[in-house]
Amino acid sequence: MRSFMKHFRVSRLAGEGFRVRLLALLTLFSTTFLSQCGKLNEIRVVGRNFEDEINLAQNLVFTFNKDIVPTSELNSWESTKFIEFIPAVAGKFKWTAPNELVFSPASGFEPATEYRAELSKELAKKTIDKRYDLSGDDVTFHTPYLQLTEAETYWTKSRETGKPLAKTKLYFNYDLSSGEIGGKLSAKSDEKKLSPSVIPTQNAPVVTVALGEALADKNEQPLEVAVEKGVKVPNTTYTSTAPLALSSSIPSATTLEVKDVKTGFENNRGMVRVITTQELKNEDLSTYYTIQPAVQTKAELTENGFVIRGDFNETDTYVLTLTDQVQGVLGARLEEPVSKDLFFGLMPASISFVNKKAIYLSSKGARNVGIQIVNVPKVQVKIAKIYENNILQYLRSNRYEEYGYLGGGEDNWAPTGNYNYDEDYNQVFSDVVVDKTVETDNLPKVKGVSALNLGIPDATNEFRGIYVVTVQSKDEQYNRAIKMVSLSDIGLIAKQGKDELWVFANSIKTAEPLGKLEVSLISTNNQTVVKGKTDRDGVVKFEKLSEKAPNFKIAMIVAQTPRSEDNTVQDFNYLLLEDSQVETSRFEVEGKRDNASGFEAFVYGDRDIYRPGETVHFNTVVRQQNWKSVGEIPLKIKVILPNGKELKTFRVTTNGQGAVETSVALDKAAVTGGYSVEVYNANDVLLTSKKLSIEEFMPDRIKVDVKANQEYYRTGQTIQLNATALNLFGPPASGRNYEMEFSLKKKAFFAEKYKEYIFDIPNNSKYENTVRQGVTDDNGQAKEGFVLPATYQDVGVLEGKIYVTVFDETGRPVNRLKRFDVFTQDVFYGVRMPDSYVGLNAPVPIGLVAVDKDGRPKATATAQVDIVRMEYQTVVEKQNDQLRYASKKREKVVYSNVVSFKNGLSEVRYVPTVSGEYEVRIRRASGVAGYSVTHFYAYGWGGTSASSFEVSNEGEVLMEFDKPAYQVGDKAKVLFKTPFAGKLLVTVERNQVLEHHYLETDNKSAEFTFSLGDEHLPNAYVTATLIRPLDNSNLPLTVAHGFASVKVEEEDTKIPVEIVAVEKSRSKTKQKIKIKTARNAQVTVAVVDEGILQIKNFQTPDIHGFFYQKRALEVNSHDLYPFLFP
């Protein structure tokens, strides 16, 4: 600074004021200069390859003002965080120049999210001479916010009126729920408000809207569409903060024009989408267009145009000519031929594993994993070994559930059952055992996909584990796929019951039992709590877990072969109980569950409703879970007020029969509302509870009976309903107001003699309720007629309900419900498939049946049978000059015929040639819309089309018993019907496994007989787990499950009771009641006004029905077979 300052020497003659001003100037200058010196010595971003908005998946390039690294460190990906992103973004960095850094996100960026990038201290540490500071300037950017990008408006013909109807397809940049848009959408044309109606669809970036009141004019009309703020983007926290608007136009309704022609890819085949201003007539589409140079194509209509598919070359340019034969549904044709140039770019690069949920790969097979790699010439394959003691922690930290739309409702987004995984970047839980670059052209093809061989080198240590496989592009780190793989031949099935756990081990490759396996149970806090060894049948039982592992909860099972002489383990596998539990919601396994105390209690009283000031009486009966009397035991009985506070607590002791009577006198000023009685044992374990109503009431004064003129109805008929109201013990209740509400809903149809046939008719129609009101006549009668519209045709059986309410003179209602069936067709058609999974290129006999409403076969009948193949296709479309993946479902009719029935039966034989999901539809031959439907899957090697699907690999084992119910001492015979031949594990269980057996099902069936004893009361469950050797079969099923309840009774558990009393009795009249029952039995007798009982529809307590009610299945089944790689 000395040489600079010498130019500012001044004379003392300048005066003191000048010195002050000069000092201030020097101070300001030195501050500015030091600040500039700081700028010169800091690292800052001077260039980047993006502006404020970035794509969801792209690399970010940062150019700095200084050289940071030497050239020797270029072009190598590393995980050091040179730049911190807020919110955090996982990814890697690569230096492409000494002052240029590339960031590649591991999984892309989140939709509609604002980000901030800050230079990290790691960047300063990386500098060559380590003398620079970091700039404090942030770099901000965001992914695209929600946008309304495009509208395709066209004319069609209304199905209801046959008149012209305008529709528009609104395109957004993210998937949206149509329901989210409906209430926020507005549209106008020439300042005239339209009535937009959103057509419900599942989440998609396209929302179709019917434009009610749009004029079918010969001229083009302006269209303005607006969506209010507050639109939620599914699977994000983003909600739009500003209205979305788009200006477009409504085309002429009297002319036909081609609005656009777009190209894209669909399952690696070229696709051309022609967009027109009218829906087109379904004619011979080959007359609509020509393509040069010639290529074999196939066309299909869309809502506003048509799609052409063909084997187009990615590097060629084609000329599409649309002929003047193109005609719309409103009659207009193209005025002249239209030509368009077509160009198909490269498919977007992508990497994905074929089997999303598979985890387990047999170590005795080829060790190949299917992977789809598109336009990625080189991939980096990294395999990391997660050690056994780190498995739980890795799964908790490095994976997350995949959510998706499951159908059945606009908001039905839920876990798909699949998981996404992250790498163990810093090898906290693992060691990398394979890290190599693979030329994708060198990967072998198996069944149309690339086969990645998991050749794991010999272990360098004795520790066991599983593997995380990462396959990623060498240049774009976000283009990757990660899969967790357990390489083992140990197949595990587990049964977890009350204080016990069974493990069944079989070879995945051969299904043979694996004996002498060392099996360990791992707790949720990662402790090995119990160990055991399988016997020669591959079975090990862990008993008394509460004693052997107190306060521990089992989370995982690990199994290994014995160590060899060199102390290595030849095979190892694991089973995470949380992930592998068999889903039983489709089986009838619900019921009463055991109480933790080992006791069961039943509380009953003389009624359920009392007035303030009255005395509540109730009895409590306690039994052991084997129904034996508990004798004299202490109980705590609490009476709980509506606000949750205790009114009274009783400490009582049961009598020798395990029963106790309790009375509670209510204060006249007692709070009204819902009370409850809670019964606890001496350890304060809740045994049972009972609800009571305390309120001011008057007993019902009238009784209502309801009758209809028929037991069932046919559409077109009139329901005549007669309700009769009588004063209790008095004359007819005349002059009383009444209300009748009539409703209809779908009901399933079954034919008792044809249980193997499916009669399901899809029917999502909603039926309007009808309400009638009136006054009862002099006889206390109310009569109404309800007409069943004749338009309700071929939708199966409807359940009709008429809810009748009659009001007494005080306005209190008395309700009754009348149910009846409404048949919408004379003939019901059923379909029987020989199996849910069938092979290719072999006739499949499909049984058909035609029955009447009572399930009796029709002597003669005809029907239209269609077989439809569902094509789930991965589509690549060009939007905003970019290609993107989309998933679409399309139906294709592959068989159609009219069949005749003889004595109610018929059959068609269909030969599937392509793998996929199929539907068999059968309906009246007159072309009506309603049809019965059933599904099946076809599979086979070499027959998978471009529209192949990932079929479920879990089937169902059906069971038939020789009796509906059994007595103790009987033998139960079970017939198993299985979807494939294999090895069947059969267990009898309820809260523990009672017995287990292995059966062979060579002919897709097996029989099993077992004896029933007291331990099976009141019911037990037969469960079946079917496995098969994992050979080279093309069968997609790897496992099948079945669960069925067996009802068991014993007559000695019932005590006969005979009551002799008059049928009716007026108040204040003495009556003599005789009761005859078993010796030494205790009997409760209550006499209550019928009008009081009617208020709450009180039912006589059924103590036997309570204690011997159906029990729930309390053994959880787990296995790894649904997660096998094929």
Yes/no for Lys167 being buried (at least 18 other Cβ atoms within 10 Å of the Cβ), of a type in the set (Lys, Arg) and over 31 Å from the mean Cα position of the chain (by Cα): yes
Condition check for Ile719: in contact (Cβ under 8 Å) with a residue 40 or more places away in the chain and in the same structural domain as Asp794 (by TED's automatic domain parsing): yes
Lys1074 free of Cβ contacts under 8 Å to residues at least 40 places away in the same chain, basic (Lys, Arg) and out of contact with any Asp or Glu (no Cβ under 7 Å at 6 or more places or on another chain): yes
Failed item, numbered, when Glu180 is tested on (1) of a type in the set (Asp, Glu); (2) closer than 25 Å to Gln278 by Cβ; (3) surrounded by 15 or more Cβ atoms within 10 Å (Cβ to Cβ): (2)
Options Asn313, Asn375, Asn368: the member that is under 30 Å from Thr561 (Cβ atoms) and either surrounded by fewer than 20 Cβ atoms within 10 Å (Cβ to Cβ) or at pLDDT below 90 (or both): Asn368
Qualifying positions in region 497-550 - under 21 Å from Gly598 (Cα atoms) and in contact with a helix residue (DSSP H, G or I) (Cβ under 7 Å, 6 or more places away or on another chain): Asp499, Glu500, Leu501
Elements of type strands (runs of 3 or more DSSP E) contained in region 733-838, each with 3 or more residues being farther than 30 Å from Ala1040 by Cα: 737-747, 770-775, 781-787, 797-807, 813-823
Number of positions in region 673-716 that are within 30 Å of Thr810 (Cα to Cα), under 39 Å from the mean Cα position of the chain (by Cα) and among the aromatic types (Phe, Trp, Tyr): 1
Number of the exception - Ala245 against (1) over 31 Å from the mean Cα position of the chain (by Cα); (2) small (Gly, Ala, Ser); (3) part of a loop (DSSP other than H, G, I, E, B): (3)
Any chance Lys1074 is modelled with pLDDT of 90 or more and out of contact with any Lys or Arg (no Cβ under 9 Å at 6 or more places or on another chain): yes
When residues of region 934-958 are limited to those that are surrounded by 18 or more Cβ atoms within 10 Å (Cβ to Cβ) and of a type in the set (A, V, I, L, M), the one modelled with the highest pLDDT: Val957
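Table: residues versus (1) closer than 30 Å to Tyr419 by Cα; (2) in contact with a Ser or Thr (Cβ under 9 Å, 6 or more places away or on another chain); (3) touching a residue at least 12 places away in the same chain (Cβ under 8 Å); (4) hydrophobic (A, V, I, L, M, F, W, C).
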position: Arg536; (1), (2), (3), (4): no, no, yes, no
position: Ser546; (1), (2), (3), (4): no, no, yes, no
position: Asn573; (1), (2), (3), (4): yes, yes, yes, no
position: Leu635; (1), (2), (3), (4): no, yes, yes, yes
Per-region count, region 1056-1106, residues under 22 Å from Tyr610 (Cβ atoms), of a type in the set (A, V, I, L, M) and surrounded by fewer than 10 Cβ atoms within 10 Å (Cβ to Cβ): 2
Among the candidates Val851, Val814, Val804, residue that is among the β-branched types (Val, Ile, Thr), over 30 Å from Phe697 (Cα atoms) and crowded, with 16+ Cβ neighbours inside 10 Å: Val851
Hey, Gly613 in the same structural domain as Gly1105 (by TED's automatic domain parsing) and under 38 Å from the mean Cα position of the chain (by Cα) or not: no
Of all residues making up region 455-487, the number that are in a loop (DSSP other than H, G, I, E, B) and within 32 Å of the chain's Cα centre (by Cα): 3
Selected residue (only one of Glu220, Glu213 is acidic (Asp, Glu) and either touching a residue at least 24 places away in the same chain (Cβ under 8 Å) or in contact with an Asp or Glu (Cβ under 9 Å, 6 or more places away or on another chain) (or both)): Glu220
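The values are calculated or read from the model by the stated rules, or taken from the named source; none is laboratory data. All of these numbers come straight from a predicted model, not from anything done at the bench. Glycine gets a Cβ as well: all are built from the backbone with ideal geometry, and neighbour counts include every protein chain shown.
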